[in-house]
Amino acid sequence: MAGIKEITVFSVGDSNSLKTWSNVPYFFTKNLELKGYKVNRVNIEENKALFNLYKYTAFAFLKLIYRNSNHTYFRSKLNYGLTNKKIAKALEVYSNTDAAVFLTFSFSAPKSFNKKVISFGDWTFSYYIANFLDREPKWFEKNCLEREKQHIEKADLVLGLFPLSSTFIKKNYTNANVHYLGNVINSNSELNKELVIKAKQNSKKLLFIGNEKYLSGALELIEAFKKLKNNYPELELHFIGLNENETGIKASGIHYHGYLNKSVVAENELYYKLLSEALVIINSTKDWGGFSSLIEAMHFYTPVITRSYDEFTETFGSTIDLGYFIDQNNTLSSCVEKLLKNSKDEQLKLMTAAHDRVKDFTWSNYIGKMIGLI
């Protein structure tokens, strides 16, 4: 990246914290620094007091009429104006910056900024409305959609974290310079292949990672676990991200660990201990099975059981050798039973395939590709 030495990175949340957006801002900025760039971190998270005020007034009113509205304070015109002032001030403070990177499609640099602008995100708000909410935009969403379109089309480089969301941007934003560089594993733990494989081949632990958004998948897994427990009494089910009060179910062999903060040493160690010892990671939630947690587990030689959803199959294929898809011929419990009945050689094939499919999804590789494009 000739001539570029200093980069200002704008993130919705503290990029020094592993708690922010599935650890993405943390690893993004850390790997830029590891490659020798000076990184200025700017947190453009919305004001909490205004967020809560909006939540119980304007947003509450909209929710009464439009139940699947997602128009929080973050997307309001007021927040847009205040955040733009914060961005402009930061670029004045960091006047020597050679490029501005926005880890969101919702904001960008002012027109007066004459250096490189890079936009990075998982998907646009437009993609989210069309593919996750499965509807047309509401009248009050169109202003922020137009702003997002302007940011994307004016950026020097646009990076989508998923293949189909990147294709969506190419199709719907005519002037966008869009690239898909693969996905990334958000891990800061060392991997000991031999120890991990040995632990998994003797494991009877099922792992689920996800918060309340994935509750339907968690409940389906619990029902399957109860049936399997009759024939496999040593079986254990571990939840990261959920507590017993959120599922409302307490049963023998089920362990709830709640949210584990990777910034806290003990919680980080427990997180990766569970990941290293799990026989399989399971998330059967329809349409989105927690992609980031699945590929992180795959890095730790963990086979996957999930439903096939578009971004996953576009990345790994409609048939997989790294685990099993739940479908009309294979229930969740039958998929788990296949794993339990596998020989050690068959288990090893699945574990190795899971790891090999994501081994190049490193942040170092990703940042290197991005630098090459810039």
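The values are calculated or read from the model by the stated rules, or taken from the named source; none is laboratory data. What you see is a predicted model, and the numbers here were worked out from it, not measured in a lab. Quick reminder, even Gly has a Cβ in these numbers, built from the backbone with ideal geometry, and neighbours come from all protein chains shown. Just the protein is used for accessible areas: all its heavy atoms, side chains included, with ligands, DNA and RNA removed. Shrake-Rupley method; radii C 1.70, N 1.55, O 1.52, S 1.80 Å.
Going by what's in this entry, would Ser216 be described as of a type outside the set (Asp, Glu) and in contact with a helix residue (DSSP H, G or I) (Cβ under 8 Å, 6 or more places away or on another chain)? I'd like the intermediate steps shown before the answer.
Details: of a type outside the set (Asp, Glu): yes; in contact with a helix residue (DSSP H, G or I) (Cβ under 8 Å, 6 or more places away or on another chain): no.
So Ser216 does not fit the description; no.
Specify the residue that is nearest to Phe168 (Cα to Cα); the eligible residues are those in the stretch 105-117 that are out of contact with any Ser or Thr (no Cβ under 7 Å at 6 or more places or on another chain) and surrounded by fewer than 22 Cβ atoms within 10 Å (Cβ to Cβ). Steps first, answer last, please.
So in the stretch 105-117, the residues out of contact with any Ser or Thr (no Cβ under 7 Å at 6 or more places or on another chain) come out as 106, 109-114, 116.
Still in the running and surrounded by fewer than 22 Cβ atoms within 10 Å (Cβ to Cβ): 106, 110-114, 116.
Working: Ser106: 16, Pro110: 25, Lys111: 25, Ser112: 29, Phe113: 27, Asn114: 28, Lys116: 23 Å.
Step by step, filter the stretch 105-117, then rank; the result is Ser106.
Of all residues in the stretch 218-263, those being β-branched (Val, Ile, Thr) and in contact with a Phe, Trp or Tyr (Cβ under 6 Å, 6 or more places away or on another chain) number 0.
Residues are listed down the side, and each one gets a yes or a no for (1) open to solvent by less than 60 Å² (accessible area, probe 1.4 Å); (2) under 27 Å from Val24 (Cα atoms):
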site: Arg41; (1), (2): yes, yes
site: Asn47; (1), (2): no, yes
site: Thr57; (1), (2): no, no
site: Leu62; (1), (2): yes, no
site: Ile65; (1), (2): no, no
site: His71; (1), (2): yes, yes
site: Leu78; (1), (2): no, yes
site: Lys86; (1), (2): no, yes
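Residues in the stretch 8-50 that are within 19 Å of Tyr94 (Cβ to Cβ) and in contact with a Leu (Cβ under 6 Å, 6 or more places away or on another chain): Ser11, Pro25, Val39. Residues that are free of Cβ contacts under 8 Å to residues at least 24 places away in the same chain and farther than 19 Å from Lys149 by Cβ were ranked within the stretch 113-122; the one that is farthest from the chain's Cα centre (by Cα) is Asn114.
Among the conditions (1) surrounded by fewer than 14 Cβ atoms within 10 Å (Cβ to Cβ); (2) in contact with a Lys or Arg (Cβ under 7 Å, 6 or more places away or on another chain); (3) in a strand (DSSP E or B); (4) not basic (Lys, Arg), Glu234 misses just one, which is (3).
Does the stretch 290-338 hold any residues that are over 23 Å from Lys213 (Cα atoms), among the aliphatic types (A, V, I, L, M) and touching a helix residue (DSSP H, G or I) at 6+ places or on another chain (Cβ under 7 Å), and which are they? Once the filter is applied, which keeps residues that are over 23 Å from Lys213 (Cα atoms), among the aliphatic types (A, V, I, L, M) and touching a helix residue (DSSP H, G or I) at 6+ places or on another chain (Cβ under 7 Å), the stretch 290-338 yields only Leu322.
If Tyr26 satisfies every condition in (1) more than 23 Å from the chain's Cα centre (by Cα); (2) open to solvent by 20 Å² or more (accessible area, probe 1.4 Å) but one, which is the exception? Condition (1) is where Tyr26 drops out. In the condition set (1) surrounded by 13 or more Cβ atoms within 10 Å (Cβ to Cβ); (2) at pLDDT 95 or above; (3) aliphatic (A, V, I, L, M), Val93 is compliant with all but (1). Taking the stretch 221-244 as the range and being over 30 Å from Asn188 (Cα atoms) and not hydrophobic (A, V, I, L, M, F, W, C) as the test, the residues that pass are Glu223, Lys226, Lys227, Lys229, Asn230, Asn231, Tyr232, Pro233, Glu234.
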